[in-house]
Amino acid sequence: MQIKLETQPFAALDTEALVTYVFEEADPVQGRIAEIDQSVAGLLRKLAKSGELTGKTLEFTLVHAPAGLKAVRLLLVGAGKREQFNNAVLRKIAGAALRYLKARSVKNFAVLIREGSATDEFAQAIAEGALTANFETDKYKTEKKNDKNIETVLIAGYSDAERAAGNKGLSKGRIIADAQNFARDLVNEPSNKLTPRILAEKAEAMAKEAGLAVEILDEKKIAGLKMGALLSVAQGGPEPPRVMVVTYTPANPKPGAPVIGLVGKAVTFDTGGISIKPADGMEKMKYDMAGGATMLGVMRALAALKPNVKVICVVPSTENMPGGTAQKPGDIQTAMSGKTIEVLNTDAEGRLILADGIHYAKQLGATHLVDAATLTGAIVVALANVNVGVFGSDQPFTDKLLASAKAVGEKMWQMPIDDDYRDFIKGSFADIQNISSGKGGGAITGAMFIKEFTGDSPWIHLDIAGTAWNDDAKPWLAKGPTGVALRTVVHLVMSH
Ligand code: BES
Ligand code: ZN
Ligand code: ZN
């Protein structure tokens, strides 16, 4: 799919559909909408009067053969209240318009920016919205809807003087959306098509293509490093584990500057191990590698965006299987850091592999840590599928991440991890245990466990169990993997 900036006046745009958005206000026919209304001889005002054009969020009004416009159709999308309008709303509008028009076999359309808002930020939002909306999860369907393909999206409403800003936003949006779709593509793969070894191959190929340094640790190297927590999960099945290390180094690295460590959980399938999960819904546990996919996607974007900070990405990957050699509840493991762990529940495996991933990232020189993981069902209970759970050991660093989330339109909510929760993971027979002996605070328990391996380094943990997968399609996004947290982490790194 092509996306281009087009500075022609809207009436002259040769496109199958001219798309713009309408605010919900006393008179929705204002500014550019009033200009279009003039071209179509007052039709929009009539629609507004009859109540067919209100500006309510994601209301669609489709006009065929609009006289006075070269476009074949005019599509008006409700944008809600003007005061609440921002790049997140525009991203959804562009995405929802794409999916609406694609379903109607339209092949190209133009999104017309409203008056006074021809900025790089909004061009970026349109590009991101369109590209992520165009992603489908039908890779393994033999009968594809081949006739339904969007070929070209134009971003319109920019003057010649605004062209440079628009193009800047457009190329940034393309980089970020392509990275997000790269991550979603990985998450979409079922576990028989994406084992830790296959994920490592794909990570290596991505890194080489993007010009990033990459090292894949196989089971022998992992054993040599004494990553006992990761190995304890991997011993449950025949597939060997892998650790992916992808590094971005800026052109002029400053000595003594901070180094960001990104760690992502990549359990390519989580049966629960001996503490086995119920059969109902278990198929979804193929997305238990979404944290790792997100961080690999972040690296792919950073390679193109070139921040002035070094970033080390560590992705530990394994299956969690209940084979005859699997670890059993009560087993005591020694993590790479030397800490001993009593594994009371083999289904709390994400925190085990992150323990070694985080320790290794620190050993490689990371000074600031961010991890992303589909870690707990408890975060789904707490925040449903709306907010990412954010846990942070350093409030200024955490505030930066929350500001990044806000700037890119991803919903995130901070959870507590003060010392009163430390008792939850205090071990009876080892240094720590991997679940709480009591009830409640399941997502916090997971975070407290990971915190044990972060030392003094500022660290943020993102629990994306509720947000990495859409159970139902949204108007702007297909059912399935969302690629959540990628935009926020990219923004955080770019502003560090
Ligand atoms: N991968 C799961 C968490 C999960 C649950 C992800 C639902 C996506 C949707 C994780 O490994 C897990 O099983 N966690 C347990 C922890 C418990 C045993 C303390 C959980 O949440 O039930
Ligand atoms: Zn589990
Ligand atoms: Zn898991």
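The values are calculated or read from the model by the stated rules, or taken from the named source; none is laboratory data. Remember, it's a predicted structure, so these values are computed and weren't measured experimentally. Cβ coordinates were reconstructed from backbone atoms using ideal geometry, including for glycine residues, and neighbour counts include every protein chain displayed. These accessible areas exclude ligands, DNA and RNA; they are computed on the full protein's heavy atoms, side chains included. Shrake-Rupley method; radii C 1.70, N 1.55, O 1.52, S 1.80 Å.
Beta bridges assigned by DSSP with both partners in the stretch 357-470 are antiparallel in approximately 40 percent of cases. Only Cα pairs under 8 Å and 6+ residues apart enter the sum, and on that basis the relative contact order of the chain stands at 14 percent. Remark: the stretch 457-465, residue by residue, has Karplus-estimated 3J(HN,Hα) of 6, x, 9, 10, 10, 10, 8, 9, 4 Hz, where x stands for each Gly or Pro and the curve is 6.51 cos²θ - 1.76 cosθ + 1.60 at θ = phi - 60°. Here each label is just a point 7 Å from Cα along the line to Cβ, and for residue 30 and residue 385 those points are 3.6 nm apart.
Dimensions of the chain along the principal axes, based on C-alpha atoms and rounded to the nearest Å, stand at 80, 52, 44, largest first. Couplings 3J(HN,Hα) for the stretch 84-94, derived from phi with the Karplus relation 6.51 cos²θ - 1.76 cosθ + 1.60 (θ = phi - 60°), are 9, 6, 7, 5, 5, 5, 5, 4, 5, 4, 4 Hz, where x marks Gly and Pro. The distance between label points at residue 223 and residue 205 comes to 2.9 nm (points 7 Å beyond Cα on the Cα→Cβ vector).
Once R0 is set to 30 Å, what does the formula 1/(1 + (r/R0)^6) return for the Cβ-Cβ distance between residue 152 and residue 86, expressed as a FRET efficiency to the nearest 0.05? Provide the component values of the computation, followed by the final result.
Values: r = 26 Å, r/R0 = 0.87.
The value I calculate is 0.70.
Could you report the stretch 147-259's accessible area per residue, 1.4 Å probe, as an integer in Å²?
Working: 5090 Å² over 113 residues.
I get 45 Å² per residue for the stretch 147-259.
On a 0 to 90 degree scale, rounded to 10, what angle separates helix 196-210 from the longest Cα axis of the chain? The angle comes out at about 50 degrees. The share of accessible area on the stretch 386-496 that comes from carbon and sulfur is 52 percent, using a 1.4 angstrom probe. Counting chymotrypsin sites (Phe, Trp or Tyr not before Pro) as exposed when in a DSSP loop with at most 13 other beta carbons within 10 Å, what is the longest stretch of the chain free of them? After excluding every exposed loop site, the longest remaining stretch is 141-428.
Short version: what are the Cα gyration tensor semi-axes of the stretch 1-140, square root of 5 times each eigenvalue, largest first, in whole Å?
Sorted largest first and rounded, they come to 23, 17, 15 Å.
Dividing the summed -39500 (n - 2.57) terms of all DSSP H runs of n ≥ 4 by the residue count of the chain sets its mean residue ellipticity at 222 nm at -11000 deg cm²/dmol. When DSSP beta bridges are restricted to pairs lying wholly in the chain, around 40% turn out antiparallel. Take the stretch 14-53 with all the other protein chains still there, run a 1.4 Å probe, and you get 45 Å² of accessible area per residue. Here the simple spin-label model places points 7 Å from the Cα toward Cβ, and for residue 70 and residue 11 these points are separated by 1.3 nm.
In the context of the full set of protein chains, residues of the stretch 339-496 present 37 Å² of accessible surface per residue (probe radius 1.4 Å, heavy atoms only).
For the stretch 363-496, what does the alpha-carbon gyration tensor say about shape, rounded, prolate or oblate, given a ≥ b ≥ c as the root eigenvalues, a/c under 1.5 as rounded, and a/b over b/c as prolate? Taking the square roots of the gyration eigenvalues as a ≥ b ≥ c, the stretch 363-496 is oblate.
Given a 1.4 Å probe and the protein chains all in place, what does the accessible area of residue 175 round to, in Å² to the nearest 10? That residue has around 50 Å² of solvent-accessible surface.
Cα axis of helix 350-363 to longest principal axis of the chain: angle in degrees, 0 to 90, nearest 10? Roughly 90 degrees, rounded to the nearest 10.
For residue 232, what charge total do you get from the other residues with a beta carbon under 9 Å from its beta carbon, if Lys and Arg give +1 and Asp and Glu give -1? Could the numbers behind the result be given before it?
Values: positive: none; negative: 331, 349.
Summing Lys and Arg as +1 and Asp and Glu as -1 gives -2.
Of all DSSP beta bridges confined to the stretch 44-170, the antiparallel ones make up roughly 50%. If you plug the beta carbon distance of residue 421 and residue 257 into 1/(1 + (r/R0)^6) with R0 = 30 Å, you get a FRET efficiency near 0.40.
So, with +1 on the Cβ of K and R and -1 on the Cβ of D and E, and no other charges, what is the size of the charge dipole of the chain about its Cα centre, to the nearest 20 debye? Mind showing how you got there, number by number?
Details: 57 positive and 56 negative charges, 186 e Å.
That gives the chain a dipole magnitude of about 900 debye.
Bridging of residue 439 to aspartates and glutamates at a Cα separation below 15 Å is possible for 420, 423, once same-chain residues fewer than 8 apart are set aside. Measuring nothing but protein heavy atoms, the accessible surface of the stretch 191-236 at 1.4 Å probe radius is 49 percent carbon and sulfur. Centroid-to-centroid, using Cα positions, the stretch 270-328 and the stretch 369-435 are 17 Å apart.
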